[in-house]
Structure formats: C-alpha cells, structure tokens
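Notes follow the structure.
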C-alpha cells in the first residue's frame, strides 16, 4: 500500500509540475535521489534548462566541476554550455555549509539552480543530485530529439555519514581496460561513491607498468587460459550468456599460444587518476604482498624463498621477508607506484600468505632470529611494519587487509576488515586506536552469488554494531564493496555483479540511519533502472518474487510472479530449454495443473538478459505426521571431524561431539576451520498447510523433511539462501539438516507458516 501511495503521489505531482510550467512539454520527474539526502523539500514549480546555459562558478578550482557538469548535460540535450566566473543559469560555489566534509546544498527555482559545497567534492555530490533530478534520458550519449529539459524546484541539504564510501575492482584475475575503468568511475560518481580501490596485482596477473622491472608486464601481465577462464567459457555456452565470454581484445598470440591479459602504462594511470579527481574520487592502489605475488616472484630472482615457485598447500609462493633483495624489490616497485598516485593512502594487501616456505627458508629463519621473532605470523608483521615505515618516509599511509593484525598491528595502519568470521578484528583494531574500514565478505563481496536478500543484507548492515564502544566509533572510516574477478571476465558481467548492490552500499555509506527506509529505497532503486538502461549498464534485475526454488501445490497452482523493474519482461519455458524473447511471455495468467519445471529469464528493454532462473512446482498431497512422540525440546546437533566438500560425505566422518540446540545454529563448542554438522529431530506443525523453508549457509547445506529433500544448498559457495516448500499435516515430522563449512561460515533456517508468517523456533523443534 505504501508503494502504491508513492506511485500515485509521483503521478499527481508530475501532472502538477507540467501544468505549472507553461513551456510545454518539458520532461519533469519527481525528485528521486539515491543516496537519499538529509533533507529534500519540493514544490510545484520547475526550472527549465535554457538552450544556451551559463554555468557560473565562484572559485577557479570549480572550473573542472563545471566542465564535468556540461559534459553530462550536453550530449542528450544538444545545448551549448558556457563556463564563467560569476552568476549563471546554474551556479556552483564553495561556501560554509554545515555538516561533515563534502556537505552541499542544492536549491532550484524557475530562475536558476544553485549548488554550494563546503569542498570541491561537496559540489560534485550536488552535481550528482542535480543529474538525478533530470529524466533518465539525460544520460544518453547523443541528442534526444523532441524533448525540453527541466527539473522540479527543490531545496536540498545534504552531507555524508562516512567519509569512505568505496568500491574495489580486481583487475588481476580478469583485466579491464583504461576506458572500462573510467566508465566504472562514472558509475561510482553518480551514486556519490568516492574511493576507488584498484587491486592491480595478484597471482594471475601484474597490471601496472614498473619501468625498473619490465618483465612484470612483459610476462607477468599475460597467461595461458586457467581454470577460471575455462569455467567462464563453459558458463557462456551452458547459459547462453555472452557476458561470460573472454573478450578477444584481451588476447594475443605468442609463439602459437593464446595468451590472456593486459596492463596499464604509467601514462594510462595518470589519465585515470586525473579522470577520477574531476569526479571527486580518490584512487587507492594495491600491489598485494607478501602473498599473492606469483606473477612477480616467478619472473625475478631473489624475490621468493626458493627458485621453484608455484602453489603451496593453500596459496602461492610468497615474497621472502628474509632476503634483502626481496625487500629492495618490494620497495622499488612501490617507489614507482607512489610517484604516480597522489592520494595519501596505499594498500599493501597482506592477506592469505602461505607461510610454509618461511618455515623451511634459512633466510626467513635467520631474520626471525635477528629480530627475536617467535612465529611466522610475527615475521609477516615485521615485513608489514618494514613496508609501512617505507611508505611513511614517502609521505603515505598504509591500509591492509585484516590479516595485518596477526603478529602485531602497528599504531598507524588502517585495517580493512574482510573476514566476517574474524569477529574480534574490528574491536582489536579500534581498541588500539587504529582506523577501520568495513568490507566484510558477507555481504560486501560483490562477486558472491546474488539472491533475494543480497541488496537487503547490505542495506540493513550496521557497522557500528561491531564497534559497541561509542568512544571508538569515530575510528570507523566507512564501508567498501569488493569485486573479485575470478569469474567476472567482461565489463558486462562486472556491471551485473556490481549493480544494484553498489546502490545499497552507496546509501549505507552516505545516508544517516534515520533517513534509511527499505521500502522507500526499493522504489528509488527501481527508478534508477531506467537511467542505467540509458547508460548501457548491465545491472542485475532484482530477483523475481512470488515463488520458491522448490514449490508444492495441491490441486492447481496459479503462478504469480512480480518484478521490481517495471521495464523488464519475463519469458519462460517448461521443457528445460533456455528462454528467449520468442519464448512465452509471462502475463500473470499461468496456471499449473501438473508437476512442472519452469525456466525463467528476464529481459531489459535494451535486449540484455538476466541469468537463468529455474524453479520446480510439484503437485502433491499433504504428508502425514509421525506417530512418534519426541520428549526433548530442540534438535540434536552432531559435530563431525569432516574434511569433505559435499553434505553426503558428512555422516562417514568420525563423530567429535553432540549438542542440544534450540534451532539450526552452530553450537558454541564447535570450533574448527572445517566443520561438518547434522541436525536431527522433529518439526512441530500446528495445522495442515504448505510451509515455506529458507535455508541460508556458507558453505553447503541440505534440508530433509519426512525423509524427502526439500532444499539443496550443497557445495562450496559463498553465503546464500535457497528456498523450498513442503505440504504437511498437523503434528510432528522428522527433520534433518546437513551442513558443512570451510573457513568460518554460518547457517540459519527460517520457517514460515501457511500464511507466510515466520514461526519462532521456540516449541518448533523436538527430538
């Protein structure tokens, strides 16, 4: 009902605005801005963009901002724009604005538009809000005929919650050209994201030209197809999805071998930095070390512990902190990087270091003895501190992944918390007085598979809950989403994984908690889809609603499907084939009378398609309750000494312990890097009906009721939810959940009754 009222209000106001403006027919849209401003007031008048517009500035430093604004408005309108000091039709100024750094005001009326920021970036933020006040067609890269352009009269006061609102792009696993990176910066700027973390090196590729070490790009930037590439090509074929194809412009033939890769020259980097600066974005470069350095250590002697390099038990051969030659190499490459990047921070990485070599390396052991280091973790900390001192001597501050805490954190380093299972890392960081950036893998890793809760989980995340000490909360710099690109080979796939989740990150990072509202955000997010279509952004349409992964029905079933994107069309098949635009279009009148498998695909107006969605509808009868009478509340959880990769392997492993648990949760006593658990007992069904189950896990999980599989969420995977239904008679029904995890996971089972209401776990289970 709330959404309907909002839509009616938008329609009514739109008519009022068009009536108020006599120059017909201007395109006036209701104010819908993301992230939501601190304050927005709107009336029924409007500002019409003149065909010849002057952008006035009160400070010469705003000339790039004014030219940037002109570059946004000019292509679609075909209008001419003049930039000059003094007053114009649109005015940009720096002034005293209350609020945090980068606060701004935007006031529009029939005579002018005035944007004032307390910094250059505040003005840029105001420009992005102005941009969103125009119709989506303003984003077109060529003139849109038959339109005049206007915005509603508004008064906006706005300021960011956090100073750090970032996205990281991994260009090592799959490479993105200079132009693709700049396009991504444009998308970030639109939603007031201001930190671009550029992950430039990893085992799979070295992407930055280092003049002192040319082999890093001559050889380290190129590779033969690896397993990730082959997976992508398989997905492209199996799913009829060209977004998974490896771009041919990133291949070259060398001595008969097809090599994949690419790199940025130092001139490319300078161009990208300048582009970002105009848009108010700082770039944080990362050369990951001492681990994830295979592209470097395999091309230069004296960098690794041993001549032979490759993969250890878990990760690749790292830099050798015991060799002076390795330290010299690391400092030399960072010297050239630091000369390129003006922002005060650099990122050392410091994650996932394979320390096996260090235990065997005489140089590493000698270094440990020299400095009184007792463990290899302390050796890593010594290396990180050595590099931080070097950065400081060059006028830079260091950021590292949260592994840099291990072995001792320096007093000045900033920590990026990514390991959501390392629960103490935030309090350890802030407790010592160090700055902290939130980027927990769940839910901020944008390469993770998306489900119905992906955007919601980001939107509702509250970083301060991890820092309960109010006196330490000022150390939280902000939030960041990360895009790791092992299985993201193209610009289109990268956009698909980033948007719309990045919109939730943007609002989380910018908007005050008391302004956030999930229902309202969904309306504003849907309003952005038209804009993203014009920009040719391959965003992911949010999940279709109205069905589960596995559905049951009795008699017949009317399939009711909704989509948040009003521009999307839904097509389906029932024979397992991949839907096309020629397949039947869902129109709301699909009725099933027999067990049916539906394959669904959503198409945007541009012709771009979503990933394939498969759902099963099973015609059934109510399953009878058991005659057994369980006597103990809760479920019996069994912990296994498990090493496998599927739920089917759990029961064959040795039992370590058993527990009584109230619901499906990891018992407190279970502590291991790899775990296997089963939960057995009965579920108490209060009345005959169709019950819905939501099983979330990281990694694999399975749900059985009455001995029948209801949910399959098996395998190694990122946190994700799978849903299923069962038709159950009143009474007790046997239930079993199988679960395993590699490296700090989670599991949760939600049950909803016949009316869709969540059932509390109290009195729900017995054994």
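The values are calculated or read from the model by the stated rules, or taken from the named source; none is laboratory data. Given the structure is predicted, the values throughout are model-derived calculations rather than measurements. Glycine also receives a Cβ, built like all others from the backbone with ideal geometry; neighbour counts cover every protein chain displayed.
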Problem - Matching residues in region 250-304 - criterion: being more than 25 Å from the chain's Cα centre (by Cα), in contact (Cβ under 8 Å) with a residue 40 or more places away in the chain and assigned to a loop (DSSP other than H, G, I, E, B) - result: 265, 290, 298, 299, 300
Completion exercise
If we ask which residues in region 524-567 are in contact with a strand residue (DSSP E or B) (Cβ under 9 Å, 6 or more places away or on another chain) and closer than 14 Å to residue 496 by Cβ, their number turns out to be 3
Exercise for the section: Quick one: residue 607 ticks every box in (1) outside the structural domain of residue 559 (by TED's automatic domain parsing); (2) at pLDDT below 95; (3) out of contact with any strand residue (DSSP E or B) (no Cβ under 6 Å at 6 or more places or on another chain) except a single one, so which number is it? Expected result: (1)
Handout entry: Subset of region 474-514 (residues that are touching a helix residue (DSSP H, G or I) at 6+ places or on another chain (Cβ under 7 Å) and modelled with pLDDT under 95)
Key = none
Completion exercise
Exactly one of 617, 642 is within 24 Å of residue 709 (Cβ to Cβ), part of a loop (DSSP other than H, G, I, E, B) and in contact with a strand residue (DSSP E or B) (Cβ under 6 Å, 6 or more places away or on another chain), and that residue is 642
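Find the residue count for region 25-39, including only residues that are outside any loop (DSSP other than H, G, I, E, B), under 30 Å from residue 501 (Cα atoms) and over 28 Å from the mean Cα position of the chain (by Cα). Lay out the reasoning, then the answer.
Filtering region 25-39 down to residues outside any loop (DSSP other than H, G, I, E, B) leaves 26-27, 39.
Okay, now just the ones that are also under 30 Å from residue 501 (Cα atoms), so 27, 39.
Going one step further and asking which of them are over 28 Å from the mean Cα position of the chain (by Cα), we end up with 27.
Within region 25-39, residues that are outside any loop (DSSP other than H, G, I, E, B), under 30 Å from residue 501 (Cα atoms) and over 28 Å from the mean Cα position of the chain (by Cα) number 1.
Look through 177, 145 and report the one residue that is over 20 Å from the mean Cα position of the chain (by Cα) and under 30 Å from residue 486 (Cβ atoms).
On the way: 145 fails: under 30 Å from residue 486 (Cβ atoms).
After applying the criteria, what remains is 177.
For region 306-321, give me each residue that is surrounded by fewer than 22 Cβ atoms within 10 Å (Cβ to Cβ) and touching a helix residue (DSSP H, G or I) at 6+ places or on another chain (Cβ under 7 Å). Full working, then the answer.
Filtering region 306-321 for residues surrounded by fewer than 22 Cβ atoms within 10 Å (Cβ to Cβ) gives 306-315.
306, 309, 312, 313 - these are the residues of region 306-321 that are surrounded by fewer than 22 Cβ atoms within 10 Å (Cβ to Cβ) and touching a helix residue (DSSP H, G or I) at 6+ places or on another chain (Cβ under 7 Å).
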Exercise for the section: Given the conditions (1) in the same structural domain as residue 607 (by TED's automatic domain parsing); (2) crowded, with 21+ Cβ neighbours inside 10 Å; (3) modelled with pLDDT of 95 or more, report the number of the one that residue 559 does not fulfil. Expected result: (2)
Exercise for the section: Name, by its number, the condition in (1) in a helix (DSSP H, G or I); (2) crowded, with 21+ Cβ neighbours inside 10 Å; (3) in contact (Cβ under 8 Å) with a residue 40 or more places away in the chain that does not hold for residue 398. Expected result: (1)
Practice task
Could you grab me the full set of residues in region 129-161 that are touching a helix residue (DSSP H, G or I) at 6+ places or on another chain (Cβ under 7 Å) and surrounded by fewer than 19 Cβ atoms within 10 Å (Cβ to Cβ)?
Solution key: 131, 137, 140, 141, 142, 143, 144, 147
Practice task
At least 1 residues that are touching a residue at least 12 places away in the same chain (Cβ under 8 Å) and within 22 Å of residue 274 (Cα to Cα) in each: list the strands (runs of 3 or more DSSP E) lying fully within region 54-162 that qualify.
Solution key: 80-85, 90-94, 113-117
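Just one of 719, 624, 630 is surrounded by 22 or more Cβ atoms within 10 Å (Cβ to Cβ) and either more than 30 Å from residue 544 (Cβ to Cβ) or assigned by TED's automatic domain parsing to the domain that holds residue 750 (or both); which is it?
Answer to the selection: 719.
Regarding residue 680, is this residue modelled with pLDDT of 95 or more and either surrounded by fewer than 18 Cβ atoms within 10 Å (Cβ to Cβ) or part of a loop (DSSP other than H, G, I, E, B) (or both)? Show your work before the answer.
Values: modelled with pLDDT of 95 or more: yes; either surrounded by fewer than 18 Cβ atoms within 10 Å (Cβ to Cβ) or part of a loop (DSSP other than H, G, I, E, B) (or both): yes.
Against the criterion (modelled with pLDDT of 95 or more and either surrounded by fewer than 18 Cβ atoms within 10 Å (Cβ to Cβ) or part of a loop (DSSP other than H, G, I, E, B) (or both)), residue 680 qualifies.
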